[in-house]
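Okay, so here's the structure we're looking at.
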Amino acid sequence: MPFYDPKHLEVMYDAATIEARNRELGAQITADYRGRGELVLVGVLRGSFPFIADLCRFIDLPVEVDFLGLSSYGSRAESSGIVRMTQDLSEPVKGKHVLVVEDIVDTGLTMKYLLANLQTREPASVRIASLLHKPEGMKVEVPIDYVGFTIPNRFVVGYGLDFAGKLRNLPFIGVVVGDKPIP
Ligand code: IMP
(Lines give C-alpha, C1' and ligand atoms only; values in the text may rest on other atoms or scores of the structure.)
Protein backbone atom coordinates (compact mmCIF):
# COMPACT_ATOMS: atom_id res chain seq x y z
CA MET A 1 0.00 0.00 0.00
CA PRO A 2 1.40 3.47 -0.87
CA PHE A 3 1.38 6.17 1.83
CA TYR A 4 -1.44 7.97 0.04
CA ASP A 5 -4.95 6.73 -0.62
CA PRO A 6 -5.23 5.99 -4.38
CA LYS A 7 -9.02 6.24 -4.11
CA HIS A 8 -8.64 9.92 -3.27
CA LEU A 9 -6.02 10.78 -5.86
CA GLU A 10 -6.78 10.79 -9.57
CA VAL A 11 -3.68 10.59 -11.79
CA MET A 12 -3.55 13.46 -14.30
CA TYR A 13 -0.04 12.88 -15.72
CA ASP A 14 1.96 9.76 -14.87
CA ALA A 15 5.74 9.68 -14.49
CA ALA A 16 6.38 8.43 -18.04
CA THR A 17 4.22 11.21 -19.56
CA ILE A 18 6.03 13.85 -17.49
CA GLU A 19 9.42 12.48 -18.53
CA ALA A 20 8.49 12.48 -22.22
CA ARG A 21 7.32 16.10 -22.00
CA ASN A 22 10.48 17.13 -20.11
CA ARG A 23 12.55 15.57 -22.87
CA GLU A 24 10.70 17.66 -25.48
CA LEU A 25 11.05 20.87 -23.46
CA GLY A 26 14.75 20.18 -22.91
CA ALA A 27 15.31 19.75 -26.65
CA GLN A 28 13.44 22.98 -27.39
CA ILE A 29 15.40 24.94 -24.75
CA THR A 30 18.67 23.49 -26.06
CA ALA A 31 17.86 24.62 -29.60
CA ASP A 32 16.72 28.09 -28.47
CA TYR A 33 19.74 28.89 -26.29
CA ARG A 34 22.55 27.19 -28.19
CA GLY A 35 25.31 29.71 -28.98
CA ARG A 36 23.56 32.55 -27.13
CA GLY A 37 25.84 32.91 -24.11
CA GLU A 38 25.58 31.99 -20.48
CA LEU A 39 22.33 30.39 -19.31
CA VAL A 40 21.23 30.11 -15.69
CA LEU A 41 18.28 27.95 -14.72
CA VAL A 42 16.56 29.52 -11.71
CA GLY A 43 14.37 27.08 -9.81
CA VAL A 44 11.59 28.55 -7.68
CA LEU A 45 11.42 26.78 -4.34
CA ARG A 46 9.89 24.84 -3.10
CA GLY A 47 7.65 23.38 -5.79
CA SER A 48 10.03 23.28 -8.75
CA PHE A 49 12.66 20.89 -7.37
CA PRO A 50 11.64 17.68 -9.21
CA PHE A 51 10.93 19.56 -12.45
CA ILE A 52 14.24 21.45 -12.55
CA ALA A 53 16.17 18.31 -11.59
CA ASP A 54 14.64 16.36 -14.46
CA LEU A 55 14.49 19.17 -17.02
CA CYS A 56 18.15 20.21 -16.60
CA ARG A 57 19.26 16.72 -17.57
CA PHE A 58 17.51 17.07 -20.92
CA ILE A 59 19.24 20.38 -21.71
CA ASP A 60 22.38 19.73 -23.71
CA LEU A 61 24.17 22.97 -22.80
CA PRO A 62 26.60 24.05 -20.06
CA VAL A 63 23.95 25.62 -17.81
CA GLU A 64 24.29 26.94 -14.29
CA VAL A 65 21.57 26.10 -11.76
CA ASP A 66 20.51 28.43 -8.96
CA PHE A 67 17.45 28.68 -6.72
CA LEU A 68 15.31 31.24 -5.01
CA GLY A 69 12.40 30.82 -2.64
CA LEU A 70 9.05 32.54 -2.99
CA SER A 71 6.00 32.31 -0.83
CA SER A 72 2.63 33.93 -1.32
CA TYR A 73 0.83 35.45 1.64
CA GLY A 74 -2.71 34.30 2.27
CA SER A 75 -4.47 31.04 1.57
CA ARG A 76 -3.75 28.82 -1.40
CA ALA A 77 -7.28 29.03 -2.68
CA GLU A 78 -7.14 32.82 -2.89
CA SER A 79 -3.71 33.97 -4.07
CA SER A 80 -3.16 37.42 -2.56
CA GLY A 81 -0.47 38.45 -5.00
CA ILE A 82 1.66 39.64 -2.10
CA VAL A 83 4.82 37.66 -2.56
CA ARG A 84 7.63 37.21 -0.07
CA MET A 85 11.15 36.19 -1.06
CA THR A 86 12.19 33.50 1.41
CA GLN A 87 15.56 32.85 -0.20
CA ASP A 88 17.57 34.79 -2.76
CA LEU A 89 19.80 33.63 -5.60
CA SER A 90 23.33 32.63 -4.64
CA GLU A 91 24.96 34.62 -7.42
CA PRO A 92 24.32 37.71 -9.60
CA VAL A 93 22.70 37.13 -12.99
CA LYS A 94 23.88 40.34 -14.65
CA GLY A 95 24.55 39.75 -18.34
CA LYS A 96 23.34 36.16 -18.23
CA HIS A 97 20.28 34.56 -19.80
CA VAL A 98 17.88 33.55 -17.04
CA LEU A 99 15.34 30.78 -17.45
CA VAL A 100 12.96 30.71 -14.49
CA VAL A 101 11.77 27.17 -13.78
CA GLU A 102 8.41 27.08 -11.99
CA ASP A 103 6.00 24.30 -11.06
CA ILE A 104 2.74 26.02 -11.93
CA VAL A 105 1.42 29.39 -13.04
CA ASP A 106 -2.11 30.07 -11.84
CA THR A 107 -2.98 33.77 -11.33
CA GLY A 108 0.43 34.82 -12.66
CA LEU A 109 0.95 37.15 -9.68
CA THR A 110 3.99 35.24 -8.38
CA MET A 111 5.70 35.34 -11.78
CA LYS A 112 4.84 39.02 -12.27
CA TYR A 113 6.59 39.83 -9.01
CA LEU A 114 9.58 37.68 -9.87
CA LEU A 115 10.01 39.09 -13.37
CA ALA A 116 10.04 42.66 -12.01
CA ASN A 117 12.55 41.65 -9.35
CA LEU A 118 14.87 39.88 -11.80
CA GLN A 119 14.81 42.75 -14.31
CA THR A 120 16.49 45.02 -11.75
CA ARG A 121 19.51 42.67 -11.82
CA GLU A 122 20.18 43.42 -15.49
CA PRO A 123 20.15 39.92 -16.97
CA ALA A 124 20.68 39.47 -20.73
CA SER A 125 17.16 38.02 -20.93
CA VAL A 126 14.49 36.40 -18.77
CA ARG A 127 12.15 33.64 -19.86
CA ILE A 128 9.78 31.36 -17.94
CA ALA A 129 9.41 27.59 -18.11
CA SER A 130 6.44 26.28 -16.16
CA LEU A 131 5.54 22.63 -15.94
CA LEU A 132 1.86 23.47 -15.57
CA HIS A 133 -0.31 26.40 -16.58
CA LYS A 134 -3.91 27.11 -15.56
CA PRO A 135 -5.02 29.75 -18.08
CA GLU A 136 -8.47 30.12 -16.48
CA GLY A 137 -6.87 31.39 -13.26
CA MET A 138 -4.78 34.16 -14.89
CA LYS A 139 -5.26 37.58 -13.28
CA VAL A 140 -2.26 39.28 -14.89
CA GLU A 141 -0.58 38.70 -18.23
CA VAL A 142 2.81 37.05 -17.96
CA PRO A 143 4.51 35.48 -20.94
CA ILE A 144 5.20 31.79 -20.32
CA ASP A 145 7.74 30.72 -22.89
CA TYR A 146 7.79 26.99 -22.17
CA VAL A 147 4.70 25.20 -20.83
CA GLY A 148 4.72 21.51 -19.98
CA PHE A 149 0.97 21.00 -19.75
CA THR A 150 -2.02 23.35 -19.90
CA ILE A 151 -4.56 22.22 -17.33
CA PRO A 152 -8.09 23.13 -16.21
CA ASN A 153 -8.66 25.13 -13.03
CA ARG A 154 -8.26 22.27 -10.55
CA PHE A 155 -5.98 21.89 -7.53
CA VAL A 156 -3.17 19.54 -8.46
CA VAL A 157 -0.57 17.79 -6.31
CA GLY A 158 2.59 15.76 -6.67
CA TYR A 159 5.88 16.11 -8.54
CA GLY A 160 6.76 19.11 -6.37
CA LEU A 161 3.24 20.46 -5.79
CA ASP A 162 1.98 20.20 -2.25
CA PHE A 163 -1.26 19.68 -0.38
CA ALA A 164 -0.84 21.29 3.06
CA GLY A 165 2.90 20.78 2.78
CA LYS A 166 2.72 17.12 1.78
CA LEU A 167 2.55 15.03 -1.43
CA ARG A 168 5.45 16.85 -3.14
CA ASN A 169 7.21 13.48 -3.44
CA LEU A 170 4.54 11.78 -5.54
CA PRO A 171 6.14 10.69 -8.84
CA PHE A 172 3.02 11.74 -10.78
CA ILE A 173 0.73 14.77 -10.96
CA GLY A 174 -2.69 14.10 -9.52
CA VAL A 175 -5.95 15.69 -8.49
CA VAL A 176 -7.25 15.25 -4.98
CA VAL A 177 -10.71 13.68 -4.98
CA GLY A 178 -12.46 14.38 -1.68
CA ASP A 179 -10.36 15.76 1.13
CA LYS A 180 -8.33 12.88 2.55
CA PRO A 181 -5.54 11.85 0.18
CA ILE A 182 -3.39 10.72 3.12
CA PRO A 183 -5.12 8.23 5.45
P1 IMP B 1 0.13 32.20 -8.86
O2 IMP B 1 0.84 33.36 -8.23
O3 IMP B 1 -1.35 32.24 -8.58
O4 IMP B 1 0.43 32.01 -10.33
O5 IMP B 1 0.55 30.91 -8.06
C6 IMP B 1 1.70 30.22 -8.21
C7 IMP B 1 1.95 29.36 -6.99
O8 IMP B 1 0.73 28.92 -6.35
C9 IMP B 1 2.65 28.10 -7.42
O10 IMP B 1 4.05 28.27 -7.41
C11 IMP B 1 2.18 27.09 -6.42
O12 IMP B 1 3.02 27.13 -5.28
C13 IMP B 1 0.80 27.56 -6.01
N14 IMP B 1 -0.27 26.80 -6.71
C15 IMP B 1 -1.12 27.28 -7.65
N16 IMP B 1 -1.96 26.32 -8.07
C17 IMP B 1 -1.62 25.20 -7.38
C18 IMP B 1 -2.13 23.84 -7.40
O19 IMP B 1 -3.07 23.46 -8.14
N20 IMP B 1 -1.52 22.97 -6.57
C21 IMP B 1 -0.49 23.32 -5.74
N22 IMP B 1 0.01 24.56 -5.71
C23 IMP B 1 -0.55 25.50 -6.52
Probe 1.4 Å, all protein chains in place: accessible area of M111 in Å², nearest 10? 0 Å²
Region 66-167: relative contact order as a whole-number percent, Cα under 8 Å and 6+ apart: 21 percent
DSSP loop chymotrypsin sites (Phe, Trp or Tyr not before Pro) in region 1-98 with at most 10 other Cβ atoms within 10 Å of their Cβ, which ones? Y73
In region 1-43, the GluC sites (Glu not before Pro) that fall in loop regions by DSSP, at most 13 other Cβ within 10 Å: none
Take the Cα atoms of region 94-183, build their convex hull, and give its volume per residue in Å³. 110 Å³
Cα extents of the chain along the principal axes, largest first, in whole Å, come to 49, 34, 28
Among all the aspartates and glutamates, which ones have a C-alpha under 19 Å from K7's C-alpha, if same-chain residues fewer than 8 places away are not counted? D162, D179
Row for region 6-75, column shape: gyration tensor on C-alpha, a ≥ b ≥ c, rounded if a/c < 1.5 i.e. under 1.5, prolate if a/b over b/c, else oblate; value oblate
With the Cα gyration tensor of region 44-145 in hand, convert its eigenvalues to equivalent ellipsoid semi-axes via √(5λ) and list them largest first in whole Å. 22, 16, 13
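Please get the size of the charge dipole for the chain, origin at its Cα centre, with Cβ charges of +1 on Lys and Arg and -1 on Asp and Glu, quoted in debye to the nearest 20.
200 debye
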Can you list which of the GluC sites (Glu not before Pro) found in region 97-181 are DSSP loop residues with at most 13 other C-beta atoms within 10 Å? E141
Degrees separating the helix 15-33 axis from the principal Cα axis of the chain, which is the longest one: 10 degrees
Near K112, which lysines are there with a Cα under 25 Å away, not counting those fewer than 8 places off in the same chain? K94, K96, K134, K139
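Could you work out the relative contact order of region 1-65, using alpha carbon pairs under 8 angstrom and six or more residues apart, expressed as a whole percent?
Rounded, it is 41 percent for region 1-65.
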On Cα atoms only, tilt of 109-119 relative to the major axis of the chain in degrees: 20 degrees
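The values are calculated or read from the model by the stated rules, or taken from the named source; none is laboratory data. Computed from a predicted structure; not experimentally measured. Methodologically, a virtual Cβ is constructed for each residue, glycine included, from the backbone with ideal geometry; neighbour enumeration extends over all protein chains shown. Accessible surface is based on the protein model in full, side chains and every heavy atom, while ligands, DNA and RNA are left aside. Shrake-Rupley method; radii C 1.70, N 1.55, O 1.52, S 1.80 Å.
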